[in-house]
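A quick write-up on the structure given underneath.
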Amino acid sequence: MSSVPATDPWLGFVLDFCNSYDLLENPRDRLSIPLVTRLAAHHELADPELTAADLEPVRGVRGELYRVFAEEDSQYEVLNEIFTRYGAQPRLVAGPRLAATGGADPVARLAVSAADALARAVADGAADRLRTCAGDPCRCVYVDRTKANRRRYCCELCNDRMASAAYRSRKS
């Protein structure tokens, strides 16, 4: 049985960060360095101190983090790849628990901290609760926090869109 992951500012950041690419929005890709800074502030995290030159590497990080949600069968491998690529180091922190820290530059530190939040959720038994929306064409990420662990859509809008589509197909 899976457990609901604890509320974590970094996990909230990861969700918003990954969802900065949304197939239902125009433009689809809203990622910018000021947006990352605002998301960090919104989740009460330290300023990531990114520069305009970091935008493409940050997009790459977003894609790698998205894979943790999309590739349910290989979450461990994806997280380990991120930790290796960005130079994560294990540290014992208050709790006590192991945490991934490090990274040689702001992009690497962002990647390691975000991957650490996902790794904590996976390690706490919530791997199957990290999902992508089943609403077509939406593929936003979300954490299923329902007791029954049966949520399929990222939001009520996608749930309603898909219910309406199913109704229309039954009536035609």
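Derivation of every value follows stated rules applied to the coordinates shown; laboratory data play no part. Since we're looking at a predicted model, the values are computed, not measured. Because the Cβ atoms are built from the backbone with ideal geometry, glycine has one as well, and the counts that use them run over all protein chains shown.
Results, tabulated for the structure shown:
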{"read-out": "Sequence-separation-based contact order of the stretch 81-153, relative, with Cα cut under 8 Å and 6+ spacing, percent", "value": "19"}
{"read-out": "Full-stretch length increase - Arg30, Arg59 - with 0.36 nm per residue and alpha-carbon distance subtracted", "value": "9.4 nm"}
{"read-out": "Helical contribution to [θ] at 222 nm, DSSP H n ≥ 4, -39,500 (n - 2.57), averaged over the chain, rounded to 500", "value": "-14500 deg cm²/dmol"}
{"read-out": "Tail fraction, Cα-Cα pairs, the stretch 82-172, threshold 20 Å, whole percent", "value": "54"}
{"read-out": "Nearest-ten-degree value, helix 9-18 long axis tilted from longest Cα axis of the chain", "value": "60"}
{"read-out": "Added length on full extension, which subtracts the Cα-Cα distance from 0.36 nm per residue, Ala166 to Gln89", "value": "22.9 nm"}
{"read-out": "Cα-based equivalent ellipsoid of the chain: semi-axis lengths in Å, sorted from largest, via gyration tensor", "value": "29, 20, 13"}
{"read-out": "Length added when fully stretched, Leu23-Thr7, from 0.36 nm per residue minus Cα-Cα", "value": "3.1 nm"}
{"read-out": "Spacing of the two label points (7 Å from each Cα toward its C-beta) at Ser74 and Asp16, in nm", "value": "3.0"}
{"read-out": "The stretch 1-131 - percent relative contact order, Cα under 8 Å, separation 6 or more", "value": "30"}
{"read-out": "Principal-axis tilt of helix 55-70 within the chain, Cα atoms, nearest 10 degrees", "value": "60"}
